[in-house]
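The values are calculated or read from the model by the stated rules, or taken from the named source; none is laboratory data. As the structure is a prediction and not an experimental result, all values here were calculated from the model. Using ideal geometry, Cβ is built from the backbone for each residue, glycine included, and neighbour counts are taken over all protein chains shown. Note: accessible area is taken over every heavy atom of the protein model, side chains too, but ligands, DNA and RNA are not part of it. Shrake-Rupley method; radii C 1.70, N 1.55, O 1.52, S 1.80 Å.
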Amino acid sequence: MEAEEEQRRRLKIEEALEIQSLRRIISAYLNYPDAAEEDVRRYERSYRKLPPAHKALLPNYPQKFQRLRRCISMNSHFIFGMLQAFEPPLDMSQDIEFSEDPHPECAEKDHLVSEGINACSCESVPVRITCSVSNQHCCVEDSNHTCRPQGLTYPNEEVDIESRHQSNTGSLSPGSINTKETTEYCSGSSITDSNGNVPVTSSQQQWLEPSLRLNVPLVDVDKVRCIIRNIVRDWAAEGKKERDQCYNPILEELNMIFPNRSKESPPACLVPGAGLGRLALEISCLGFISQGNEFSYYMMICSSFILNQSQTAGEWTIYPWIHSNCNSLSDSDQLRPVSIPDIHPASAGITEGFSMCGGDFVEVYSDSSQVGAWDAVVTCFFIDTAHNIVEYIEIISKILKDGGVWINLGPLLYHFADVYGQEDEMSIELSLEDVKSVAVSYGFEFEKESTIETTYTTNPRSMMQNRYFAAFWTMRKKSGIGQLHVR
């Protein structure tokens, strides 16, 4: 009896922690318009400090501030629609025993730690992508328990998004992502459409109530702004050049390595760090069973909305470049609109079996069910997200079939290299030479290697362009390597 009571208590704590963390992520989205409005007010305060003679030289500045507010309103309208379509996996209105962190700016991560083991299933089908995981499969953010994909299956007409992960950008847990309308936006600012009208909806989502919204640090809102820029990279015509630089070499390599793909038994390709899902979708359209894996709840909420809710190309308009006044050629460049998505995902011609799996790559794919499950693994701007890049390489080798290929493109900008104040924060930062040496030790042979110059979520009209000279390679796992032990 004591053991059962302890188990119930532990599960209750886990659920409370998960609710609190998910509230923080949702609150970051909801805080976007207020934070953006405060930026505009700061610009106005600076303008008012100018002497009259200087103000006279900038007669268009007050008009720019109002244009900025309209752009913020349009971005907020998109965000609100996205949250309307999101159905949390847990009852977000229930009381929890944990108080809000009084110093959220000190938190290094958006995830919470617990222990236990739960299983999640990834199921897939061609057109529509929804999250349909029962509550008994819920996994707490940044937990030590494993979320186990139970193989690729093909149910009716939906793709399950398995959700469970840890992340320093907001973490994920399973639940249904369906359209659910609301009548109220819970922020100090109202979200309006392009005509300045508050959207009229039929019902209210209780978890969006103002009383449940947390005050989050500005770094959390910055992640929302980052998501808006990522949307351009994956789902706008303006991001095509960047996609062509990063995605086309990968797609061409897959097409060459697997020239005779069977419709009855397509090759299976895993895309860890799938972000907003465009690369995984393009691979599916080539005729692969494609599964994207992503650990960020910020990303997964947005990608599910675009993949599931898009009715037509160019359905929404966002203003991704408004949050920086630096290096702009003109106000028109800074305030230019971007239409999304550039394609209608459901009409793109995806292959049956396309799925998005939310969870920490190490925890999800260390499971024994994943051994030798994949014909190809594609990593694009991913391997430097590791605490331990050796472990990533070990798992990639483990989950590939003998003769399977690993295609990689990206830099080595290690995400945890500059994390200070966390004594237990591991960060193994290898040179490219050492990364390749480790890969060889895990049974990989190089088939192709080059350097590709590219950008990442860069404003193509900015006066400053950060460029990467990304490593691009194709490695093949040698046959007869045997199964490697992964903790």
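Beyond 20 Å, how much of the Cα-Cα pair distribution for the stretch 244-303 remains, as a whole percent?
Values: 477 of 1770 pairs.
I get 27 percent for the Cα pairs in the stretch 244-303 exceeding 20 Å.
Each residue of the stretch 409-416 in turn: what ³J(HN,Hα) in whole Hz from Karplus with 6.51, -1.76, 1.60 and θ = phi - 60°, glycine and Pro shown as x?
9, x, x, 10, 8, 4, 5, 9
For GLY404, which sequence-distant residues (separation of 5 or more, or a different chain) have an amide H within less than 5 Å of its own amide H, given hydrogens modelled in the peptide plane?
The list, which skips near neighbours in sequence, is LYS477.
Could you pull out the chymotrypsin sites (Phe, Trp or Tyr not before Pro) across the stretch 381-487 that fall in loop regions by DSSP (anything but H, G, I, E, B) with no more than 10 other Cβ atoms inside 10 Å?
Details: sites: PHE381, PHE382, TYR392, TRP406, TYR414, PHE416, TYR420, TYR442, PHE444, PHE446, TYR456, TYR468, PHE469, PHE472, TRP473; in loops: PHE381, PHE382, TYR414, PHE416, TYR420, TYR442, TYR456.
Of the chymotrypsin sites (Phe, Trp or Tyr not before Pro), the ones in loops of the stretch 381-487 whose Cβ has at most 10 other Cβ atoms within 10 Å are TYR420.
Which entries of LYS448/LYS477; LYS241/LYS263; LYS401/LYS436; LYS448/LYS478 show an alpha-carbon separation above 25 angstrom in the structure shown? Provide the component values of the computation, followed by the final result.
Working: LYS448/LYS477 13 Å; LYS241/LYS263 30 Å; LYS401/LYS436 20 Å; LYS448/LYS478 15 Å.
Correct reply: LYS241/LYS263.
For the stretch 305-320, what does the Karplus curve 6.51 cos²θ - 1.76 cosθ + 1.60, with θ = phi - 60°, yield as ³J(HN,Hα) per residue in whole Hz, taken in order and with x for Gly and Pro?
4, 5, 5, 8, 9, 5, 9, 7, 5, x, 6, 10, 10, 10, 10, x
Give the long-range amide H neighbours of LYS448: residues separated by 5 or more places, or on another chain, with amide H under 5 Å away, using H modelled in the peptide plane at 1.01 Å from N.
THR474
How big, on average over all directions, is the shadow cast by the Cα convex hull of the stretch 1-85, in nm²?
Details: hull surface 31.6 nm².
For the stretch 1-85, the mean projected area of the Cα convex hull comes to 7.9 nm².
Need one number for the stretch 215-477: average projected area of the convex hull over its C-alpha atoms, nm².
On the way: hull surface 60.9 nm².
Hull-based average projected area comes out at 15.2 nm².
Find the accessible area per residue for the stretch 215-477; the probe is 1.4 Å, ligands and nucleic acids are left out, and the unit is Å². It would help to have the intermediate numbers written out before the result.
Values: 9860 Å² over 263 residues.
Ligands and nucleic acids excluded, the figure is 37 Å² per residue.
Taking every pair of distinct Cα atoms and averaging 1/r, then inverting, what Kirkwood hydrodynamic radius in Å comes out for the stretch 341-434?
Details: mean 1/r = 0.0646 Å⁻¹.
Hydrodynamic radius (Kirkwood, Cα pairs) of the stretch 341-434 is 15.5 Å.
Roughly what % of DSSP beta bridges within the stretch 215-477 run antiparallel, to the nearest 5? Intermediate results must be reported in sequence, preceding the final value.
Details: 19 of 37 bridges.
If we restrict to bridges inside the stretch 215-477, about 50 percent are antiparallel.
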